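One structure below.
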Amino acid sequence: MNIENYTLKVKGKTLLKETDLAFSTGVISHIVGKNGVGKSQFAKDLLLNTSKQMLPDVQENVCLISSASNIPHDVSKDFLLRFLRDTFNEQMISRMEQLLNLSNIDGKILIKHLSDGQKQKLKLLSFLLEDKAIIVLDEITNSLDKKTIMEIHQFLNEYIEEHPEKIIINITHELSDLKAIAGDYYLLHEQRIVPFASAEQLIDVYIHEA
Amino acid sequence: MKLEIKKSFSNKVVWILAAMVMFMFLMGYFLLVGIDKVNHVTYNMFFFSSYTVATQFGLMLFSFVIAFFINREYSNKNILFYKLIGESVYSFFYKKIGVLFLESFVCITIGSLLLSIMFHNFSHFFLMLFLFSAVILQYILIIGTISILCSNILMSIGISIVYWLTSVILVAVDPKLFGFIAPFEASNSLSPRLDHVLQSQHGSLPSSNYATILLYLLALLAVNFIILRFSKTRWVKMGL
């Protein structure tokens with residue numbers, strides 16, 4: 001996926017300016033950046049195309065998994081899975097259940113009563129069923145316990161291995177994501193998305209940013 | 001519909017609707033006994049008083065639950081999930097209002113049935129069932145349409161109340177000119193006609209009244225459809 005000279009303005013503020021974007025299939029592209037630099041706005045723009053610079057084949061093939069995309073909290077896991085089975089491929093659902101280790105989640109209680117990690121796993125399962133070519137993950141490991149973060153890392157590593165045709169963009173604050181999931185590394189800095197050769201180099205620049 | 005029915009139960013929307021309908025009938029009774037000082041409440045008086053409560057206070061009673069059922073999906077950031085399961089702004093909205101109306105209709109039917117059984121009189125059961133259903137349906141359509149345009153529940157309720165008060169004032173100013181925007185309003189022609197029909201035991205409303213109500217509901221649906229047509233992108237944006 002290549003977009004040249006990409007500029008993103010939100011409410012008059014320029015968040016990204018004339019930057020070139022290139023994300024490869026089969027790897028997870030991590031984008032790191034400080035608060036307020038426009039990471040989440042970029043994620044939303046991939047879906048909404050408010051910048052009018054996304055090609056239709058990008059906009060139509062984006063799946064956004066973030067705090068802006070939730071599953072209903074007023075149903076139970078069992079109901080949700082039954083409901084999803086009516087729409088999506090049974091085999092795909094079973095495989096995701098297995099990869100995300102969902103069997104230990106109580107199926108009877110409402111999702112709103114589950115832990116944040118359990119909700120996040122159900123959200124990943126639901127939205128990935130859409131089977132879109134470009135998957136945008138925005139802070140999906142934020143505020144989760146270490147065990148769940150490790151499970152999600154493992155899941156993403158297995159998922160990209162099984163789906164090498166996908167482009168996965170992981171927008172994150174969690175530097176542990178960069179070490180646990182191999183991929184391409186980008187820093188959103190001074191209105192540009194800058195590629196780095198390694199996670200270490202990116203982390204070094206990131207933690208010394210003004 | 002399955003998801004919406006499930007949601008209406010887990011969010012207690014169906015019980016709130018039932019409580020509101022019950023309150024509507026109870027208030028109809030207590031207004032007769034407490035304010036009008038009626039010693040012997042008849043079947044017709046009870047129905048007419050409850051109908052008056054539904055038309056005069058219904059928007060206040062039902063606005064919260066209707067706005068909640070729609071606006072909650074925005075505040076919970078569920079719109080992308082609805083897109084995921086193949087819903088559009090139309091199917092999202094019509095399934096929501098379908099469930100709200102269906103549940104309200106069941107509650108109204110039970111309420112009217114109990115009232116008719118209590119008085120051993122079914123002479124106006126179907127007429128009142130039709131009128132109560134039409135009154136509730138107009139609230140669902142008006143508040144629902146406003147709610148789909150506002151991401152904030154307080155804003156939806158506020159605008160619904162302002163719309164309602166404006167229509168009441170306009171009908172009071174000139175019933176002939178503005179009568180169509182609030183046909184159930186007490187100062188409109190339908191209300192005294194209904195009172196007369198209820199007094200007469202076996203009569204019914206003139207067919208022109210039925211036609212006006214049906215046209216009014218169709219007009220609301222048409223306005224709603226046009227608004228939804230222009231809200232496709234807004235619906236997704238507000239849900240993010």
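The values are calculated or read from the model by the stated rules, or taken from the named source; none is laboratory data. Predicted model only: the values in this text are computed from it and were never measured. With ideal geometry, Cβ positions are generated from the backbone for all residues, glycine too; neighbour counts draw on all protein chains shown. The area values use the complete protein model at the heavy-atom level, side chains included, leaving out ligands, DNA and RNA. Shrake-Rupley method; radii C 1.70, N 1.55, O 1.52, S 1.80 Å.
What the table below lists for this structure:
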{"item": "Extent along principal axes [Cα atoms of chain A; Å; largest to smallest]", "result": "49, 35, 32"}
{"item": "Within the accessible area of region A:12-85 (1.4 Å probe), percent carbon and sulfur", "result": "46 percent"}
{"item": "List of region B:10-29 residues, accessible area with partners at least 10 Å² below that of the chain alone (1.4 Å probe)", "result": "B:SER10, B:ASN11"}
{"item": "DSSP beta bridges in region A:93-210 [antiparallel fraction, %, rounded to 5]", "result": "50 percent"}
{"item": "Within region B:71-106, GluC sites (Glu not before Pro) in DSSP loop having at most 12 other beta-carbon neighbours inside 10 Å", "result": "none"}
{"item": "A:LEU144 long-range amide H proximity, modeled H, under 5 Å", "result": "none"}
{"item": "Under the Debye formula (equal points on every Cα, no solvent term), log10 I(q)/I(0) of the protein assembly as shown at q = 0.10, 0.12 Å⁻¹", "result": "-0.80, -0.99"}
{"item": "J(HN,Hα) series, region A:131-136, from Karplus relation 6.51 cos²θ - 1.76 cosθ + 1.60, nearest Hz, glycine and proline x", "result": "6, 7, 6, 10, 10, 10"}
{"item": "Beta bridges per DSSP with both ends in the protein assembly as shown, % antiparallel, nearest 5", "result": "40 percent"}
{"item": "Inter-chain Cβ neighbour average for residues A:69-82, partner chain, 10 Å", "result": "5"}
{"item": "GluC sites (Glu not before Pro), loop per DSSP, at most 14 other Cβ atoms within 10 Å - longest free stretch of chain A", "result": "A:61-164"}
{"item": "For residues of A:25-33, the mean tally of beta carbons on other chains within 10 Å", "result": "0"}
{"item": "Residues whose placed amide H lies under 5 Å from that of A:SER67, excluding near-sequence neighbours", "result": "none"}
{"item": "Rounded accessible area of A:LYS132 (nearest 10 Å², 1.4 Å probe)", "result": "50 Å²"}
{"item": "Cβ-based net charge around A:LEU102, under 9 Å, with every Lys or Arg adding one and every Asp or Glu removing one", "result": "+1"}
{"item": "Probe 1.4 Å, protein heavy atoms only - accessible area per residue of region B:49-174 in square angstrom", "result": "35 Å²"}
{"item": "Minimum 20 Å² accessible area buried by the other protein chains, region B:78-92 residues, probe 1.4 Å, relative to alone", "result": "B:ASN78, B:LEU80, B:PHE81, B:LEU84, B:ILE85"}
{"item": "Accessible area of region B:2-238 belonging to carbon and sulfur atoms, whole % at 1.4 Å probe", "result": "73 percent"}
{"item": "Magnitude of the charge dipole, the protein assembly as shown, Cβ model with Lys/Arg +1 and Asp/Glu -1, debye to 20", "result": "1180 debye"}
{"item": "Chains B and A, summed buried accessible surface - 1.4 Å probe, Å², nearest 100", "result": "2000 Å²"}
{"item": "Nearest-ten-degree value, helix B:190-199 long axis tilted from longest Cα axis of chain B", "result": "40 degrees"}
{"item": "Accessible area in square angstrom per residue, region A:91-210, 1.4 angstrom probe", "result": "47 Å²"}
{"item": "Net lengthening on full extension, A:GLN91/A:SER176 (0.36 nm per residue, minus Cα-Cα)", "result": "27.5 nm"}
{"item": "Residues along region A:109-138 losing 20 Å² or more of accessible surface when the other protein chains are present rather than the chain by itself (probe 1.4 Å)", "result": "A:LEU110, A:LYS112, A:PHE127, A:GLU130"}
{"item": "Percentage relative contact order, chain A, counting C-alpha pairs under 8 Å, at least six apart", "result": "31 percent"}
{"item": "Angle between chain B longest axis and helix B:207-229 axis [Cα atoms, degrees, rounded to 10]", "result": "10 degrees"}
{"item": "Long-range HN-HN contacts of A:VAL27 with modeled amide H, under 5 Å", "result": "A:ILE168"}
{"item": "Estimated vicinal HN-Hα couplings, Hz - region B:13-23 in sequence order (Karplus 6.51, -1.76, 1.60; Gly, Pro = x)", "result": "4, 5, 6, 5, 4, 4, 5, 5, 5, 5, 4"}
{"item": "Overall dimensions of region B:2-238 as given by Cα atoms, namely Rg and Dmax in Å", "result": "18.4, 59"}
{"item": "Helical contribution to [θ] at 222 nm, DSSP H n ≥ 4, -39,500 (n - 2.57), averaged over the protein assembly as shown, rounded to 500", "result": "-19000 deg cm²/dmol"}
